[in-house]
Every structure is written in C-alpha cells, then in structure tokens.
1. How many Lys pairs in the stretch 10-86 lie less than 17 angstrom apart by Cα atoms, where the lysines are 8 or more positions apart or on different chains?
2. How far, in nm, would the chain grow between residue 182 and residue 137 when pulled straight, counting 0.36 nm per residue and subtracting the alpha carbon separation?
3. Using 0.36 nm per residue of separation minus the Cα-Cα distance, give me the extension gain between residue 42 and residue 64 in nm, one decimal.
4. Quick check: the distance between the Cα centres of the stretch 137-180 and the stretch 66-124, to the nearest angstrom?
5. Taking a spot 7 Å from the Cα of residue 105 along the direction of its beta carbon, which residues of the stretch 132-171 have an amide N less than 19 Å from it?
6. Using 0.36 nm per residue of separation minus the Cα-Cα distance, give me the extension gain between residue 72 and residue 161 in nm, one decimal.
Amino acid sequence: MEITETRKNIIKKQAIYLPIVISIFAILLALTIGFKKNVKRNNAYTKREYVALYIIKYHELPKNYITKDGRDYFYRHNVDLKGYIVGGDTHYNDGNLEYYGISKKAILKECDLYYEEYDCLNNRGTSRLVYESNTGNPRVFVTNNHYYDYQEITKYDIMPLHYSFLILLVLYLIFSSAILICIYFPYISWFIIRKKNKKDES
C-alpha cells in the first residue's frame, strides 16, 4: 500500500513538474541561441559589433578590409574601391591604452569603421577599431574621436542578452536538477531499500 502511494505521488509530481521544467528550458535555450551574434570566416562585415566580433574570433579582419598600400595599389590600377574599408595597418602605440593594461611594447593594428558617407580614399571619418595583433586572444578597442580616447569592446558587450540568458540557462539547469532529484529521491530510496530487503531475505 505504501509502495503504491509512493509511486502514485511520484507520477503526479512528474506530470506537474516535467512539462514545466522542459518548457522553461526550451524557452531559455531558444532565447540564448536567438540573441547570439555569429560571424563566418571570409565574409564581409561593416557594422562595428560584427567587425569587432570577427577580430576576436578569427584574429584578423573581414575580407572587405584592405591596407592603405592595398588601397593605393587598387587605385593606381583602376580597381573599383567601392565596398572596401581601410584596415590592417600598424597602429602607432603611444601608450594611450596602458590604462587597460596594454603595454607600450604591444603590437597593435587598426581599422576604419564604415558609415554612410564612408570613402576609403577621401572620407574615412574619425572612428577606428584598434586591436592587438600579437596574441591568441586579441583585445579590441574603439575610438570615435581619432585616438583621443578609447573604450574596450568585448564579446559580452557585443552580445549582452545572449550571455545573460546563457547564465540564466545554467542557473536554471542547476535549480531544475535539484528539484528533479527531490522528486525522484523517495522512489530511488524505496528502490534501494526494497532491493536490499530482497537480498537479505534470500
């Protein structure tokens, strides 16, 4: 009688909690995936967050970036420069990034940031990304006033909602696992005791 009641209680709890647990997990997983920004190698990107993410992920610039020498070469040979953005040249490290822990000896590169009136020959604007080029985990900084001041851009800045929901998902998995253990614990205990009693009887 007691065993039957235990089983019935577990079945009732399963019927209530499992669909809820699975539904919330599915929603959090969908939101985590939905807010993730991704970049693919050898693709062209112009938006600041995607260019920065590309540098962080692949340690190089998207394919639509060319150095100043490359731009000049294309110009001399009458190659259409539309769609190209200047980037990949060495940035003069004057120590302005020491506040962020970047040594004056660090090798830095820079790239322009695209905007509506951008022209890689005559109208490059004042916004730049400056990034480390001699490390396996490059840090990226943006300056909107031609190197007067900087702000670091991390993947957490680029995808705040993705990482927020990812943290929630991990915490939820821990929390829901604890609940499921509480639900199944009586049944597991009963099963172990029953098995032990059978062994003692034999």
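1. 11
2. Details: separation 45, 0.36 × 45 = 16.20 nm, distance 4.23 nm.
Stretched fully, the residue 182-residue 137 segment lengthens by 12.0 nm.
3. On the way: separation 22, 0.36 × 22 = 7.92 nm, distance 0.88 nm.
Taking 0.36 nm per residue and subtracting the Cα distance, the gain is 7.0 nm.
4. Comparing the Cα centres of the stretch 137-180 and the stretch 66-124, I get a distance of 27 Å.
5. Hits in the stretch 132-171 for residue 105 at 19 Å: 132-139.
6. Numbers: separation 89, 0.36 × 89 = 32.04 nm, distance 4.09 nm.
Gain on stretching residue 72 to residue 161: 28.0 nm.
Just so you know, all these numbers are worked out from the coordinates, no wet-lab data involved. Please read these numbers as outputs of a predicted model, since none were measured by experiment. A quick note on method: Cβ atoms are made from the backbone with ideal geometry, for glycine too, and the neighbour counts reach across all protein chains shown.
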